[in-house]
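Peer 1: Just dropping this structure here.
Read-outs: derived from the displayed coordinates by stated rules, not from any lab. Note that the structure is a prediction, hence the values are computed from the model and not measured. When we count neighbours, we look across all protein chains shown, and the Cβ atoms used for this are built from the backbone with ideal geometry, even at glycine.
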Amino acid sequence: PPPPPVVHYSMNNITSSSDPVGNREAILILTPMAKFYQEYWDNLCQLSYPHELISLGFIIPKGKEGNLATKKLQERIAKTQAPSNKNRFASITILRQETESAVSQVESQRHAMAAQKERRAAMSKARNSLLFTTLGPTTSWVLWLDADVIETPSSLIQDLASHDKPIIAPNCWQRYYDKEEGAMLRRAYDFNNWQDSTTAQELAEKMGPDDIILEGYAEMATYRTLMAHMGDEQGDPGTLMELDGVGGTALLVKAEVHRDGAMFPPFSFYHLIETEGFAKMASRLKWQSYGLPNYFVYHYNE
Ligand code: GDP
Ligand code: MN
């Protein structure tokens, strides 16, 4: 028979609840990917959320490095998505950008303050392109997960969703070898999860309309409360805090928040950009962001 001419979706039926497995909620995991890390892929594959409810979306920059990342990703996908693999994902989309990475991928250059506005604007556009081309009418959740986040609990999605918050971020740290201690230790990595301060607001008042405030730079002390510094390895992983700015390394968002129009401003929005601008835009739409200071995920150490 011919397909029905119109497909109806009742948006009220798309729940995003504290029991996403029980309610069979579809999740879209979105990853901007400049480089492929095997540890990221292995971690993704070990997520215990039912894989038939997970769709994956990637956006990869143009150029040599992007070509290599695409090749490696496609090799892994070919295996994981084999029809014989019962654990395959629902669907996978790869977008290739028309532009190369705006800034060198070397950590020191990437993090230089002068390069930040251009780089964060390019990242915003990559995230927006990825989001607007892959968000479907049945998506309940969007999990933003950077390509260099290489270790998370396998119950990441269930754990974050259990709090039933519109936007929720785990604490992104980094494992490193400490020479003095002669041991692997852990340290804060993502400083974009923060609570605002009067200092930062006063700083913003004196700025030009296109200027942005950046976090984690001595040249621009904001005295914001940084979730990255509040992590307690012995603390209750369920402890919640409100956030005014969020990072994108790992971030669970109810699809409704994005559907309402909250995206990643590639320009100064209240003197904020990209993921921090997203939290601000969401808050203008009455969606509050939260963080879990004692629930950890880990970023690759370059
Ligand atoms: P940092 O950890 O805050 O320094 O940010 P990264 O440089 O790791 O970038 C965040 C995420 O975006 C990572 O998953 C990168 O692989 C990816 N990424 C970086 N630059 C680009 C780009 O130009 N285009 C795309 N599509 N992804 C990028
Ligand atoms: Mn990174």
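Peer 1: Semi-axes, largest first, in whole Å: what does sqrt of 5 times each Cα gyration tensor eigenvalue give for segment 158-302? Mind dumping the intermediate values first?
Peer 2: Working: eigenvalues 133, 84, 31 Å².
Values for segment 158-302, descending: 26, 20, 13 Å.
Peer 1: Through the Karplus equation 6.51 cos²θ - 1.76 cosθ + 1.60, θ set to phi - 60°, convert the phi angles of segment 265-281 into ³J(HN,Hα) values in whole Hz; use x for Gly and Pro.
Peer 2: Values per residue, Gly and Pro as x: x, x, 8, 5, 10, 6, 6, 10, 9, 6, 5, 5, x, 4, 4, 5, 5 Hz.
Peer 1: Hey, another quick one. Would you mind working out the magnitude of the charge dipole of the chain relative to its Cα centre, with +1 at each Lys and Arg C-beta and -1 at each Asp and Glu C-beta, to the nearest 20 Debye?
Peer 2: On the way: 29 positive and 37 negative charges, 242 e Å.
Taking the Cα centre of the chain as origin, the dipole is about 1160 debye.
Peer 1: Right, something else. At q = 0.12, 0.14, 0.15 Å⁻¹, work out log10 I(q)/I(0) for the chain with the Debye formula, treating every Cα as an identical point scatterer and leaving solvent out; two decimals please.
Peer 2: Those come out to -0.80, -1.11, -1.28, one per q.
Peer 1: Which of Ala147, Leu131, Ser108 sits closest to the plus end of the dipole of segment 90-150, meaning its Cα is farthest towards the positive end, when Lys and Arg get +1 and Asp and Glu get -1 on the C-beta?
Peer 2: Leu131
Peer 1: Using modelled amide H (1.01 Å from N, peptide plane; none on Pro or chain starts), what sits under 5 Å from the amide H of Leu56, excluding residues fewer than 5 places away?
Peer 2: Long-range HN contacts for Leu56: Ile29, Ser91, Ile92, Thr93.
Peer 1: Quick one: what are the phi-derived ³J(HN,Hα) couplings along segment 160-172, Karplus 6.51/-1.76/1.60 with θ = phi - 60°, whole Hz, x for glycine and proline?
Peer 2: Ordered by residue, 3J(HN,Hα) equals 5, 5, 4, 7, 6, 10, x, 9, 9, 10, x, 8, 9 Hz.
Peer 1: Hey, how many Å between the Cα centroid of segment 74-136 and the Cα centroid of segment 1-45?
Peer 2: Cα centres, segment 74-136 to segment 1-45: 17 Å.
Peer 1: To continue, here is another question. Under unit Cβ charges (Lys, Arg +1; Asp, Glu -1), what dipole magnitude, rounded to 20 debye, does segment 144-264 have relative to its Cα centre?
Peer 2: On the way: 9 positive and 23 negative charges, 43 e Å.
I would put it at about 200 debye.
Peer 1: DSSP beta bridges in segment 2-146, what fraction antiparallel, as a percent rounded to 5? Provide the component values of the computation, followed by the final result.
Peer 2: Working: 0 of 18 bridges.
The answer is about 0 percent antiparallel.
Peer 1: Over 12 Å, how big is the tail of the calculated P(r) for segment 148-195, in percent of all Cα pairs? Walk me through the numbers before you get to the answer.
Peer 2: On the way: 804 of 1128 pairs.
Taking all Cα-Cα pairs of segment 148-195, the fraction more than 12 Å apart is 71 percent.
Peer 1: Which Cα, out of Ala218, Ser18, Pro2, lies furthest along the positive dipole direction of the chain (beta carbon charges, K/R +1, D/E -1)?
Peer 2: So the residue we want is Pro2.
Peer 1: At a Förster radius of 35 Å, what calculated FRET efficiency corresponds to the Cβ-Cβ distance of Glu202 and Glu118, to the nearest 0.05?
Peer 2: Details: r = 26 Å, r/R0 = 0.73.
Calculated value: 0.85.
Peer 1: To continue, here is another question. Okay, helix-only estimate at 222 nm for the chain: each DSSP H run of n ≥ 4 adds -39500 (n - 2.57), divide by all residues, round to 500 deg cm²/dmol; what do you get?
Peer 2: -7500 deg cm²/dmol
Peer 1: How far is helix 116-134 tilted off the main Cα axis of the chain, in degrees rounded to 10, range 0 to 90?
Peer 2: 20 degrees
Peer 1: For every other residue with a beta carbon closer than 15 angstrom to the beta carbon of Arg120, add +1 if it is Lys or Arg and -1 if Asp or Glu, then tell me the sum.
Peer 2: Values: positive: Arg110, Lys117, Arg119, Lys125, Arg127, Lys280; negative: Glu118, Asp146, Asp190, Asp210, Asp211, Glu215, Glu274, Glu276.
Charge balance in the 15 Å sphere: -2.
Peer 1: Enumerate the calculated ³J(HN,Hα) couplings along segment 211-227 in order (Karplus 6.51 cos²θ - 1.76 cosθ + 1.60, θ = phi - 60°), each rounded to whole Hz, writing x wherever the residue is Gly or Pro.
Peer 2: Values, residue by residue: 7, 10, 8, 10, 9, x, 10, 4, 5, 9, 6, 9, 6, 6, 8, 9, 4 Hz.
Peer 1: Restricting to the chain, what percent of DSSP beta bridges are antiparallel, rounded to 5?
Peer 2: Around 45 percent of the beta bridges assigned by DSSP in the chain are antiparallel ones.
Peer 1: Starting with the highest mean, order 19-30, 49-60 by the number of other Cβ atoms within 10 Å, averaged over the residues of each peptide. Walk me through the numbers before you get to the answer.
Peer 2: Numbers: 19-30: 18.8, 49-60: 20.4.
Descending packing order for the listed peptides: 49-60, 19-30.
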